[in-house]
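Below is one structure, written out as structure tokens; comments come after it.
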Amino acid sequence: MSEIQDARVRGPRAYLTFIVIGMLAGLLSGLFGVGGGTVIVPLLVIMLRFDQRLAAGTSLAAIVPTASVGVISYAASGSVAWIPALILAAGAVVGAQIGTRLLPRISQNALRWGFVMFLVIVIVSLFVVIPSRDAVFELGWINGIALVVVGVGTGIIAGLIGVGGGVVVVPVLMLAFGTSDLEAKGTSLLMMIPTAISGTFGNLRHRNVDLVAAGIIGLSACTMTALGAWLATLIDPFLGNMLFAAYLAFIAIQMAIKALRSRPRRG
């Protein structure tokens, strides 16, 4: 029987692990405006020996309820740019299809190192550019087109290396579009919902989703997402940038380790 989906013989340890993973992902999702996949996927693989594809598909399904609660939390303080989020989502859905088609033709190692360099640039920028809490996103033709480009680019990255969403959108909205840190996070979470739903339907067709795990992780995450969003409003923007930089550094290290491990050996 497949190790991946032998879900019916799970014990209490597995269910407890799902809950812990979900609570951690939910806290980070609310605090940073990310989906939490960069936490869910590696922990499912390491702690419960999930197949990488199944872990990614399960994570994407769990993001739907998590991001929904996050959006409600940020919307309560007026920190969601609704139309820009939908533009980003439309671009991301298209970009994800492009990314999955390009996947067999592009070196995964080159992509990983490229993404690490992108994260390094973002981390350095977060120490220089501190977003204003009073900044408001004003949609126009030029930045509307730019949003489409960012959405497509985010989708391509997600399709190619399975990392994207908030990790890309939040810093780009803050650094390139001048939005406040809270609005960037709330907008990012809203963008993720249609993107995650679209990806989940595709993964269900290919049986790359563990619905039981996704349900438990997603519901557990919902208990902590509002807390994370509330903490984000209390944290000074500079400190918020530093914490987000630390989170991105963790992702960059993960990606670099993957690239080094998959490097072809000589001899």
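Coordinate-derived values only; no laboratory data. All values reported here derive from a predicted model rather than from experimental measurement. Note that we place each Cβ from the backbone using ideal geometry, even for glycine, and neighbour counts take in every protein chain shown.
Model label points for Gln52 and Ser262, set 7 angstrom from Cα along the Cα-to-Cβ axis, are 0.5 nm apart. At an R0 of 30 angstrom, the distance between the Cβ atoms of Val128 and Phe201 translates into a FRET efficiency of 0.15.
The simple spin-label model puts a point 7 Å past each Cα toward its Cβ; for Ala76 and Val149 those points are separated by 3.7 nm. Stretching Ala110 away from Ala14 to a fully extended chain increases their span by 31.1 nm, per 0.36 nm per residue minus the current alpha-carbon distance.
On full extension, the segment bounded by Val120 and Ile142 gains 5.2 nm, given 0.36 nm per residue less the C-alpha separation.
What base-10 log of the normalised intensity I(q)/I(0) is obtained for the range 111-191 from the Debye formula, alpha carbons as equal point scatterers, at q = 0.11, 0.26 Å⁻¹? Per q value, in the given order, log10 I(q)/I(0) is -0.28, -1.38.
Equivalent-ellipsoid semi-axes for the range 21-141 (Cα gyration tensor, √(5λ), whole Å, largest first): 26, 21, 17. Counting every Cα pair in the chain, what percent are over 22 Å apart? The calculated P(r) of the chain puts 53 percent of pairs beyond 22 Å. Taking all Cα pairs closer than 8 Å and separated by 6 or more residues, the relative contact order of the chain comes to 38 percent.
Summarising the overall dimensions of the range 121-258 from its C-alpha atoms, the Rg and Dmax are 16.1, 45 angstrom.
For a paramagnetic label modelled on Leu239 (point 7 Å from Cα along Cα→Cβ), amide N atoms under 19 Å away belong, within the range 101-140, to 126-134.
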